[in-house]
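Trainee: Below you will find the structure I want to go over with you.
The values are calculated or read from the model by the stated rules, or taken from the named source; none is laboratory data. Just so you know, these numbers come straight off a predicted model, no measurement behind them. Reconstructed Cβ throughout: ideal geometry from the backbone, glycine too, with neighbour counts over all protein chains shown.
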Amino acid sequence: MEKFLWLSLISFLLCFVATWLAWKIFPKLNLLDRPWKYGLKRKPIPYYGGLVIFSSFWFCAYFFIKFDFKLITVFIASLLLVIISFLDDFLNLKWYLRLATQFLVAIIVILAGLKIFEISNPFGGAILLNQIKIPFMIFNKNLEILLLADLFVMFWMVIMMNAMNWMDGVNGLPSGITVIAALVIFVLSTRNFNIVDQTVTAYLSIILASCCLAFAMFDFYPAKILMGDTGSMFLGFMLAVLAVFSGAKIATTALVFGFPLLDFVWIIFRRIFIDKKSPFKGDLTHIHHRFLKAGLSERQTLLVLYLICASFGAIALFTQNSSQKLLAIFLMILAMIGFGAWVYKKSNLKFPHGYSRKN
């Protein structure tokens, strides 16, 4: 474990110093947010901090991990995502361009071999996803699409990217949740080294957790620097990739990230079937907005959501089979309903000054 401790320390220090430099330099480059866009009455602060997380993460990964074709492809896909997300932060791209990019990067890593062949059935056995195969050829190379498996991974990645992006409504929320989720994946990856070699997953997850912890020192409310879509999209992408990488920890990641995922599903359902509007039209009804509306401060909202994610992360570490995870997910849904009922009673309260943005 000593090598992981050193890697964690190096990743933390590198991202901390890089974030501090960005905090000082970005204002001189006019890389600032636009608070008036969201009705905030404060001075602009450094934005585009996701560039720091992305750079620090891959810099450490390059020096500590041997890159194979799959990992190179993940880097290329994440670079494309960060470039488009940066342009979106800067130019406000159309929603369909952002969504198309998300599907594209998911397809890229799927074609590179990021796949899930089966998922555990909570009622016993496994659900096979590799039964429907579609062969094709590119540049005289025979390839095949595993229809169910590839669709599952593609939508998993797109949902994770958007769910994380929608969490970026309170400063420090995406970075803090990523620290928790990445640490859980790291622990699970190092637990059974004698059975399955998950060294790459362990390296990537501890680097990601350490970089996000360093960034959170500046991102925690009141933030000195913001990550923007550039950061939240990248974090959602990497957590989705790590969940599939070497072990398919989809259920585990879904548990840690359960509240944001449930919030994502509910928001989509409500916008389409209740409000009768586009699911891509932003509003202030996400779970963190509702906590603020119920009277919690930004810091209290952060700590409550951190605690919820950490609690279900601990449950994920100690559950031994899929039926136990299913029970945990059921308990999470009940908790979500409970919080929703509490917020509903407080719904006449106004948002405190300083909430962040619509998504």
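Trainee: How many of the residues making up region 276-312 are surrounded by 16 or more Cβ atoms within 10 Å (Cβ to Cβ), under 15 Å from Phe339 (Cα atoms) and small (Gly, Ala, Ser)?
Mentor: Going through region 276-312 one residue at a time, the tally reaches 1.
Trainee: Give me the strands (runs of 3 or more DSSP E) completely within region 124-239, filtered to those with at least 1 residues that are within 11 Å of the chain's Cα centre (by Cα) and of a type outside the set (Ser, Thr, Tyr), ordered by residue number. Spell out how you get there, then give the answer.
Mentor: Working: elements: 126-128, 133-138, 141-146.
Hits in region 124-239: none.
Trainee: Of all residues in region 134-178 being surrounded by 22 or more Cβ atoms within 10 Å (Cβ to Cβ) and of a type in the set (Val, Ile, Thr), which is farthest from Leu302 (Cα to Cα)?
Mentor: Top of the filtered list is Val153.
Trainee: If you check every pair at least six apart or on different chains, which have Cβ atoms under 7 Å apart with a residue in region 283-301 that is at pLDDT below 80 first and a residue that is surrounded by fewer than 21 Cβ atoms within 10 Å (Cβ to Cβ) and among the polar types (S, T, N, Q) second?
Mentor: His286/Asn359; Lys293/Ser347
Trainee: Hey, any hits in region 297-311 for a residue that's touching a Pro at 6+ places or on another chain (Cβ under 9 Å) and outside any helix (DSSP H, G or I)?
Mentor: yes
Trainee: Applying the selection to region 12-60, what residues are under 19 Å from Gly169 (Cβ atoms) and either among the small types (Gly, Ala, Ser) or touching a His at 6+ places or on another chain (Cβ under 7 Å) (or both)?
Mentor: Gly39, Gly49, Gly50
Trainee: Name the residue, out of Phe264, Phe312, Phe237, Phe273, that is modelled with pLDDT under 90 and under 17 Å from Trp156 (Cα atoms).
Mentor: None of the other options fit; the residue is Phe264.
Trainee: Same structure again: Which numbered condition trips up Ala112, out of (1) under 25 Å from Met227 (Cβ atoms); (2) touching a residue at least 40 places away in the same chain (Cβ under 8 Å)?
Mentor: Going through (1) under 25 Å from Met227 (Cβ atoms); (2) touching a residue at least 40 places away in the same chain (Cβ under 8 Å) one by one, Ala112 breaks only (1).
Trainee: Name the residue that is surrounded by the most Cβ atoms within 10 Å (Cβ to Cβ), counting only residues in region 67-87 that are at pLDDT below 95, over 17 Å from Leu242 (Cβ atoms) and out of contact with any Ser or Thr (no Cβ under 8 Å at 6 or more places or on another chain).
Mentor: Leu87
Trainee: Anything in region 36-58 that is assigned to a helix (DSSP H, G or I) and either buried (at least 20 other Cβ atoms within 10 Å of the Cβ) or touching a Ser or Thr at 6+ places or on another chain (Cβ under 9 Å) (or both)? List them, or say none.
Mentor: Result: Tyr38, Gly50, Leu51, Val52, Ile53, Phe54, Ser56, Phe57, Trp58.
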